[in-house]
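The values are calculated or read from the model by the stated rules, or taken from the named source; none is laboratory data. Computed from a predicted model, the values in this text were never measured in an experiment. Don't worry about glycine lacking a Cβ; one is built from the backbone with ideal geometry, like all the others, and counts go over all protein chains shown. Heavy atoms of the whole protein, side chains included, go into the accessibility calculation; ligands, DNA and RNA do not. Shrake-Rupley method; radii C 1.70, N 1.55, O 1.52, S 1.80 Å.
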Amino acid sequence: LYGWSTDSRRIFFSGDNPEKSGPKRAVFSVAAVGGDPELLMALDSVVTADVSPDGKTLAVYKSDADGYRRISISSPIGSPFQPYPSAKFSTKLSINAPLLGFSPDGKKLLFLLNDGIEKRWLLPYPAGKEEPKEVLSSLPSFGYTPVFAWFPDSRHVVLSLPAHLGDPSNLWVADTAGQSLRRLTSTTSNQNFPAVSPDGQRILYQENT
């Protein structure tokens with residue numbers, strides 16, 4: 001978990017919970033200029049999480065007491081978690097590394113997971129206005145969950161994935177409201193963990209050679 005506040009003044013991140021008697025992990029906020037981090041809340045059995053752009057909401061994918069993994073919401077951050085009102089993506093089977101991310105406008109969540117099959121869900125936020133729907137059906141599936149980052153239009157995403165099984169992972173641009181998938185880079189090295197600039201004109205990524 002990591003992310004910036006809308007005004008770029010604070011950074012959200014997860015780390016070890018300083019309260020040794022509680023859950024091992026927690027989510028913090030710290031000023032971008034430095035200083036002591038602020039503990040926002042402890043995280044118990046969380047697989048993946050994200051903070052909304054306005055810094056008011058924490059969405060998590062976590063294991064519940066019945067063994068199912070579900071998406072839950074804490075808003076404002078620190079309040080008791082409430083389950084996202086849809087069971088379409090609740091599962092006891094979770095493979096690879098699921099990813100959950102708020103769009104820049106804060107109105108939707110993109111959720112990628114593998115419950116035996118690679119699935120890509122778009123969840124409206126707040127819940128209730130529309131039903132969650134499966135998206136990005138044009139993406140190839142090679143048995144692992146791709147890493148993604150939103151573009152500022154809250155519609156397109158950049159993903160790290162290979163063109164064919166065994167190929168290096170390169171960068172692709174996909175449309176969450178359509179079927180378009182465009183290759184952005186083509187190299188013999190792996191390009192991972194993309195991050196898009198706020199104006200959408202630059203992408204930072206890690207390259208493994």
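As for the stretch 4-14, it holds no residue that is assigned to a loop (DSSP other than H, G, I, E, B), under 22 Å from ALA97 (Cα atoms), open to solvent by 90 Å² or more (accessible area, probe 1.4 Å) and charged (D, E, K, R). Inside the stretch 63-95, residues that are modelled with pLDDT under 90 and under 16 Å from GLU134 (Cα atoms) make up a count of 6. Checking each residue in the stretch 142-161 for being among the hydroxyl-bearing types (Ser, Thr, Tyr), at pLDDT 90 or above and crowded, with 20+ Cβ neighbours inside 10 Å picks out only SER160.
Taken over the stretch 22-50, residues that are among the charged types (D, E, K, R) and touching a Leu at 6+ places or on another chain (Cβ under 7 Å) amount to 2. Filtering SER72, SER86 for residues that are among the hydroxyl-bearing types (Ser, Thr, Tyr) and in a strand (DSSP E or B) leaves a single hit, SER72. If you go through the stretch 156-174 and pick out every residue that is without any contact (Cβ under 8 Å) to a residue 24 or more places away in the chain and closer than 19 Å to GLY106 by Cα, you end up with 1. The number of residues in the stretch 75-97 that are open to solvent by less than 40 Å² (accessible area, probe 1.4 Å), within 28 Å of LEU39 (Cα to Cα) and either under 18 Å from the mean Cα position of the chain (by Cα) or of a type in the set (Phe, Trp, Tyr) (or both) comes to 2. Scanning the stretch 118-144 for residues that are over 17 Å from PRO162 (Cα atoms), assigned to a loop (DSSP other than H, G, I, E, B) and not aromatic (Phe, Trp, Tyr) returns PRO126, ALA127, GLY128, LYS129, GLU130, GLU131, PRO132, VAL135. Would you check which residues across the stretch 45-72 are open to solvent by 50 Å² or more (accessible area, probe 1.4 Å), over 17 Å from LEU110 (Cβ atoms) and of a type in the set (A, V, I, L, M) and list them? The one that is open to solvent by 50 Å² or more (accessible area, probe 1.4 Å), over 17 Å from LEU110 (Cβ atoms) and of a type in the set (A, V, I, L, M): ALA65. Remark: pairs (first residue in the stretch 183-202, within 13 Å of PHE148 (Cα to Cα); second residue surrounded by 14 or more Cβ atoms within 10 Å (Cβ to Cβ) and among the aromatic types (Phe, Trp, Tyr); Cβ separation under 8 Å; 6+ apart in sequence or on different chains) = GLN191/TYR205; ASN192/TYR205; PHE193/TYR205; PRO194/PHE148; PRO194/TYR205; ALA195/TYR205; VAL196/TRP150; VAL196/PHE151.
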